[in-house]
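Written below as structure tokens is the structure these notes are about.
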Amino acid sequence: MTIKIDNVRIVLVETSHPGNIGATARAMKNMTLSELALVSPKNYPEIKGQGKAYARASGATDVLYDATIYNSLAEAIADCDLVIGASARLRAVTWPELNPREMAEKIFALNTENKVNYGKTAIVFGREDAGLNNDEMDLCQYLVHIPANAEYTSLNIAAAVQVLCYELYMTALLSKGDIAKAANDHPMATSAEIEYFYEHLEQTLVDIRFLDPSNPMQLMRRLRKLFNRCGLDKIEVNILRGILTAVSRVLTKKEPD
């Protein structure tokens, strides 16, 4: 049985080696994914039909050459409802963490106790040598970690893409091809909508003097972690922003003339 997975975007951030881009395209096509986004890739694009990316794609040139190039991660995920970052590094503030199988089940909404209406999902992979930085992780709702040998955890980026795409495909097969969005009253908020909310929240916290911009500590990062666990839909984001707007109105009325 062949099932086309068209609701998942693979995003590579500042990839250094064109060969890894080609190998990623091959891994994706093996598992029926086709949407590839590249954020500020190095030494790319190459001349079509030539170069290391073309060679490593091994025939998956449709995925390779249909890839969209973006200047920033925020642009690459702006229309996505769910953003999952792939990283092996431990962080000062932990993100909700999934293993590859849990990630696939979440994307296809197979967890019947917490079904949500995810549309487009982005799975984000960082630089070959350093992965994703904390600012980029702030844009992700979840972290996916691939279990590996504790004495040698380094995975080639295309190999990591292959592992996650395989889990996606297997989960799609096990669900008998039924990868339609799960029922929910409202669609999930996009990455861009959530980022506007966080900007609004941060400014309001500064206005009420709860957040000191000169000494922010980890407050916003921890609040991101809190709200990311919820999986905010569009209506919920609108309600939260409405509350923040009401707070701003009260503050304005109390200010002296």
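The values are calculated or read from the model by the stated rules, or taken from the named source; none is laboratory data. Since this is a predicted model, take the numbers as computed values, not measurements. Counting neighbours? That spans all protein chains shown, and the Cβs are built from the backbone with ideal geometry, glycine included.
Table: residues versus (1) under 16 Å from the mean Cα position of the chain (by Cα); (2) over 17 Å from Val161 (Cβ atoms); (3) not in a helix (DSSP H, G or I).
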site: Ile3; (1), (2), (3): no, yes, yes
site: Gly19; (1), (2), (3): no, no, no
site: Leu33; (1), (2), (3): yes, no, yes
site: Leu36; (1), (2), (3): yes, no, yes
site: Tyr44; (1), (2), (3): no, no, yes
site: Lys48; (1), (2), (3): no, yes, yes
site: Tyr54; (1), (2), (3): no, yes, no
site: Val63; (1), (2), (3): no, no, no
site: Ala88; (1), (2), (3): yes, no, yes
Check your understanding: What pairs come up if the first residue lies in the range 202-229 and is within 22 Å of Glu136 (Cβ to Cβ), the second is in a loop (DSSP other than H, G, I, E, B) and among the β-branched types (Val, Ile, Thr), and their beta carbons are under 7 Å apart, counting only those six or more places apart or on different chains?
Key -> Gln218/Val93; Arg221/Val93; Arg222/Val93; Lys225/Val93
Exercise for review: Pull up the range 1-29, narrow it to residues that are closer than 21 Å to Lys48 by Cα and polar (S, T, N, Q), then point me to the one that is surrounded by the fewest Cβ atoms within 10 Å (Cβ to Cβ).
Suggested key: Ser16
Exercise for review: Name every residue in the range 19-46 that is among the charged types (D, E, K, R) and free of Cβ contacts under 8 Å to residues at least 40 places away in the same chain, in order of residue number.
Suggested key: Lys29, Glu35, Lys42, Glu46
Review point. Within the range 187-230, restricting attention to residues that are surrounded by 14 or more Cβ atoms within 10 Å (Cβ to Cβ) and in a loop (DSSP other than H, G, I, E, B), which residue is farthest from the chain's Cα centre (by Cα)?
Key: Leu211
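Please tell me if Glu128 is at pLDDT 90 or above, under 23 Å from Leu155 (Cβ atoms), charged (D, E, K, R) and touching a helix residue (DSSP H, G or I) at 6+ places or on another chain (Cβ under 9 Å).
Numbers: at pLDDT 90 or above: no; under 23 Å from Leu155 (Cβ atoms): yes; charged (D, E, K, R): yes; touching a helix residue (DSSP H, G or I) at 6+ places or on another chain (Cβ under 9 Å): yes.
No, not satisfied.
Does Asp79 qualify as being surrounded by fewer than 16 Cβ atoms within 10 Å (Cβ to Cβ), in the same structural domain as Ala130 (by TED's automatic domain parsing) and within 13 Å of the chain's Cα centre (by Cα)? Working first, answer last.
Working: surrounded by fewer than 16 Cβ atoms within 10 Å (Cβ to Cβ): yes; in the same structural domain as Ala130 (by TED's automatic domain parsing): yes; within 13 Å of the chain's Cα centre (by Cα): yes.
Spelling it out, Asp79 is indeed surrounded by fewer than 16 Cβ atoms within 10 Å (Cβ to Cβ), in the same structural domain as Ala130 (by TED's automatic domain parsing) and within 13 Å of the chain's Cα centre (by Cα).
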Point to revise | Among (1) in contact with a helix residue (DSSP H, G or I) (Cβ under 6 Å, 6 or more places away or on another chain); (2) at pLDDT below 90; (3) hydroxyl-bearing (Ser, Thr, Tyr) - the single one Tyr118 does not satisfy | key: (1)
